[in-house]
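Report on the structure given below.
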There are 2 protein chains.
Amino acid sequence: MAESDIRLRPIGVIRTPHKEAAGTPIQPRFAEGAEGSVQVFPEYAEGLADLAGFDRVWLLYRFDRVRDVRLKVTPYLDTEPRGLFATRAPCRPNPIGLSCVRLLSVEGALLRIADVDMLDGTPLLDIKPYCPRFDCYEARRCGWLDDVDAGGGVADGRFHDKAGPTGD
Amino acid sequence: MAESDIRLRPIGVIRTPHKEAAGTPIQPRFAEGAEGSVQVFPEYAEGLADLAGFDRVWLLYRFDRVRDVRLKVTPYLDTEPRGLFATRAPCRPNPIGLSCVRLLSVEGALLRIADVDMLDGTPLLDIKPYCPRFDCYEARRCGWLDDVDAGGGVADGRFHDKAGPTGD
């Protein structure tokens with residue numbers, strides 16, 4: 001490892017109905033109603049106190065079945081190649097996914113969640129509370145996304161190994 | 001390294017006016033107007049294409065100067081100990097910070113940004129476009145945050161080494 005490298009360790013596993021990338025919603029917005037769960041490893045359960053009071057949480061997770069890193073991608077919602085960092089495609093130098101899911105309940109170290117857009121078995125890295133005061137900002141310009149259809153988005157296999165996780 | 005460990009590598013450095021945790025805004029919301037920059041390493045510059053069209057971006061970064069991991073913390077905005085995952089405190093098992101900053105310009109591999117709430121020199125892990133369609137959700141219940149003052153929040157030294165980064 002180089003000195004500047006960072007070593008992370010999963011703190012749990014995300015369970016979802018999505019077994020392969022093809023057909024998986026690409027954002028929680030397109031996954032409304034899809035239910036799943038988060039199994040937090042017991043050694044981190046103490047950190048879940050006070051979480052049940054939040055309607056939504058951010059999950060940070062590893063895109064663990066993505067094929068390779070690409071700096072130019074054609075996003076699911078577009079037909080033009082775009083700079084990777086202007087997209088949410090999963091083939092990132094540091095393959096961290098970010099999804100705002102609905103929190104249904106906290107039962108010990110098990111979270112019941114909804115609006116899940118990640119693949120079953122995805123390694124969990126972090127949970128943060130979602131708070132519109134900190135997370136909702138006015139943004140008039142959303143680049144190439146301003147020009148694409150607002151309709152539902154699902155993944156295909158373009159970024160993944162056979163059973164890879166979906167883009168976020 | 002255990003087999004499940006994940007190795008990340010910084011893709012750039014975040015420059016801000018905040019040299020130490022004490023006094024640094026704890027969220028972009030409390031940092032309005034504070035300007036900074038992101039120096040993306042040249043090997044990733046190609047991935048910045050199309051980013052200039054976005055008003056805001058998510059930065060994911062490493063809390064690189066945090067002292068230790070704690071599963072119960074007293075947040076900056078509260079006086080009660082809370083479960084870590086119900087807070088945005090930086091002393092996390094995987095110390096990844098998440099901030100939605102304003103994007104002022106893209107000049108080659110240099111991003112000018114505003115509303116910066118991280119410490120100068122913070123290692124950058126990822127950039128994602130901010131899009132209200134994907135990132136703004138209704139959340140009526142925000143747990144303990146519903147009961148605290150909505151006023152400005154700044155960090156002190158409680159989570160950091162002497163020159164540590166701020167909480168997010």
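No value in this document is a laboratory result; all are computed from the given coordinates. The model shown is predicted, which means the values in this text are computed figures rather than measured ones. Quick reminder, even Gly has a Cβ in these numbers, built from the backbone with ideal geometry, and neighbours come from all protein chains shown.
Summary of values
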read-out: Using a 7 Å Cα-to-Cβ projection, residue B:33 label spacings across copies, nm, ascending; value: 4.8
read-out: Electrostatic dipole magnitude of the protein assembly as shown [Cβ: Lys, Arg +1; Asp, Glu -1; Cα centre; debye, to 20]; value: 380
read-out: Label spacing, shortest first and in nm, from residue A:4 to its equivalents in the remaining copies (7 angstrom along Cα→Cβ); value: 3.0
read-out: Residue exposure sequence - A:74, A:16, B:79 - by fewest surrounding Cβ within 10 Å; value: B:79, A:74, A:16
read-out: Computed magnitude of the charge dipole of segment A:24-113 (debye, nearest 20; Cβ of K, R +1, Cβ of D, E -1); value: 540
read-out: Of the trypsin sites (Lys or Arg not before Pro) in segment A:59-125, those whose Cβ has at most 16 other Cβ within 10 Å and which sit in DSSP loop; value: A:67
read-out: Lys, Arg +1 and Asp, Glu -1 on Cβ, resulting dipole of chain B about Cα centre, debye, nearest 20; value: 300
read-out: Cα gyration tensor shape for segment A:88-155, rounded if a/c is under 1.5, else prolate or oblate; value: prolate
read-out: Test item: B:6-17 mean partner chain Cβ contacts at 10 Å; value: 4
read-out: Helical contribution to [θ] at 222 nm, DSSP H n ≥ 4, -39,500 (n - 2.57), averaged over chain A, rounded to 500; value: -500 deg cm²/dmol
read-out: R0 of 35 Å, Cβ-Cβ distance residue A:156-residue B:67: FRET efficiency to nearest 0.05; value: 0.20
read-out: Computed over chain A: relative contact order in percent, which uses C-alpha pairs under 8 Å that are six or more apart; value: 41
read-out: Chain B, rotation onto A, residue closest to that axis via Cβ, with its distance in Å; value: B:136, 2
read-out: Share of alpha-carbon pairs per 10 Å distance bin for the protein assembly as shown, given as whole %; value: 6, 28, 38, 24, 4, 0
read-out: At 0.692 mPa s and 37 °C, Stokes D of segment B:31-92 from Kirkwood alpha-carbon radius, µm² per second; value: 218
read-out: Euclidean distance between Cα centres, segment A:25-72 to segment B:1-58, Å; value: 21
read-out: Restricting segment A:1-74 to GluC sites (Glu not before Pro) in coil, as DSSP defines it, with at most 16 other Cβ within 10 Å; value: A:3, A:32
read-out: Per-residue HN-Hα couplings for segment B:7-17 [Karplus 6.51, -1.76, 1.60; θ = phi - 60°; Hz; x = Gly/Pro]; value: 10, 10, 9, x, 9, x, 10, 9, 9, 9, x
read-out: Semi-axis lengths (Å, descending) of the ellipsoid that matches the C-alpha gyration tensor of segment A:12-132; value: 26, 14, 13
read-out: Dipole of segment B:16-113 [Lys/Arg +1, Asp/Glu -1 at C-beta], most positive-end residue of B:41, B:60, B:91; value: B:91
